[in-house]
Every structure is written in C-alpha cells, then in structure tokens.
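Shown next, in structure tokens, is the structure this report addresses.
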Amino acid sequence: MKYMILGILRKIYTFFIDTIQTLLLIFAIFLIIYIFLFRPFQVNGNSMHPNFFHKQYILTNIIVLQFKKPVLGDVVIFRAPPDPEKDYIKRVIGIQGDSILLKNGEVYLNGKLLDEKEYLDPLIKTYGGTFLQEQQTITVPKESYFVMGDNRLESSDSREWGFINLKSIIGRSFFTYWPLNQAGIIKNPYSD
C-alpha cells in the first residue's frame with residue numbers, strides 16, 4: 001500500500017513538473033515571437049474604415065523592417081506623432097523622394113493620379129489639412145513616409161501632422177485575426 005501511494009505521488013509529481021515545463025516553454029516561445037517577430041494590435045477608432053474596424057485585432061510583423069522598408073500601399077503601425085504613447089494604423093501613400101499633391105479631392109503621387117480603387121470607394125474625396133493643404137505639393141524627405149487613413153474624412157494623418165520617420169514605425173500589418181469572420185491576409189494593393 002505504501003509503495004502504491006508513493007507510486008501515485010511520483011506520477012502526480014512527474015505530471016506536475018512536465019506541465020510546468022510545457023507551460024514555461026510555451027511562454028518562452030510566445031515571448032520570443034512577441035518581442036522579435038509579430039505583435040498583436042487592436043484598431044482603435046474608425047480612421048481605417050471600411051477596411052479595418054474599431055476593436056478589430058491585427059497581427060503586425062515587426063521583424064520585416066530589418067530587411068525591407070515600407071512601400072506604397074503597406075498598412076503600418078507606428079508611434080503617433082501627436083502622442084508617442086499611442087500607436088496608429090495608417091496606409092503608406094508616399095515614400096522617400098515621392099511628391100504628393102492634393103487637388104480637387106484627389107491624391108496625386110509623383111504627378112500622376114493615385115489609383116486607390118482597391119481600398120477606397122471612388123466617391124471618397126481626400127482634402128487637405130494643416131500640414132498638406134489643397135493645391136500644395138510636398139516631397140517626402142529621406143527615411144520618412146506620408147501616411148493616410150482609409151477613412152479620409154475621419155482620419156488624423158500626415159495631412160495634419162506631417163511625415164512619420166522610419167524609426168517611429170513599429171511594423172507592417174499582415175493578418176487580421178479577430179473577429180474570426182473578418183480574419184484574413186492584409187494585401188498590399190500595389191504589389192503583385
């Protein structure tokens with residue numbers, strides 16, 4: 001009887017140690033992924049509506065910036081220029097060296113009308129703000145980006161507060177995972 005109880009206690013102890021080791025391993029893997037590879041982000045507000053919704057969850061690739069800079073059409077997460085404690089989500093409209101003009105509610109990139117039909121309703125108009133006003137052309141400086149929300153009427157973006165620096169970009173969003181009925185890959189409308 002004594003040996004049977006010891007055997008049972010040994011099995012319980014082994015199970016308990018194995019469970020703790022497994023949980024620690026899972027936590028370590030999660031921590032490595034979170035710190036070095038991917039980070040979840042919750043959309044707050046309607047600045048990216050109708051493509052991204054308030055309280056929607058998105059995975060952001062934070063390692064990709066080590067190998068490839070953001071390009072036109074990428075959806076990026078960055079520290080907000082007006083408040084670096086907050087993270088914003090916007091779409092890259094201009095990269096280093098690009099000229100941007102807002103004219104008659106349309107966006108012109110390097111002198112050509114920017115085709116935004118993949119992510120904007122054709123009836124949506126883009127008007128100027130404090131930083132970039134209507135009929136004004138600006139050029140994106142080195143290591144900087146011009147970003148805008150997809151919901152142009154309700155977005156605080158580069159039109160108001162100017163360029164964002166590469167150093168303030170946290171990562172490129174690549175997957176929506178919650179709610180499940182909206183889960184899917186985030187595609188760049190300008191890449192093949």
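Each value in this text was obtained by applying a stated rule to the coordinates, not by laboratory testing. All of these numbers come straight from a predicted model, not from anything done at the bench. As a convention, Cβ positions derive from the backbone with ideal geometry for all residues, glycine included, and neighbour counts pool all protein chains shown.
Taking amide hydrogens as modeled 1.01 Å from N in the peptide plane, which residues meet the under 5 Å criterion relative to F175, leaving out close sequence neighbours? Placed amide hydrogens put L59, I186 under 5 Å from F175. Remind me, relative contact order of the chain in percent, using alpha carbon pairs under 8 angstrom and six or more residues apart? Taking the mean separation of contacting Cα pairs over the length of the chain, I get 23 percent. Helix 2-32 and the long axis of the chain differ in direction by around 10°, with both axes built from C-alpha atoms. Using log10 I(q)/I(0) by the Debye sum over Cα atoms at q = 0.08, 0.16 Å⁻¹ as the read-out, say which of (1) -0.25, -1.04; (2) -0.28, -1.25; (3) -0.35, -1.00 was calculated from these coordinates. Correct label, based on the coordinates given: (3). When region 1-118 is described by a simple charge dipole with +1 on each Lys and Arg Cβ and -1 on each Asp and Glu Cβ, the residue from F27, L72, G7 located farthest towards its positive end is G7.
Measuring between their Cα centroids, region 37-65 and region 82-133 lie 19 Å from each other. Are any of the pairs K69/K142; K90/K187; K86/K117; K142/K187; K86/K167 more than 18 Å apart by Cα-Cα distance, and if so, which? Pairs exceeding 18 Å: K86/K117; K142/K187. Around the Cα centre of region 90-192, unit charges on the Cβ atoms of Lys, Arg, Asp and Glu (plus for the first two, minus for the last two) sum to a dipole of about 200 debye.
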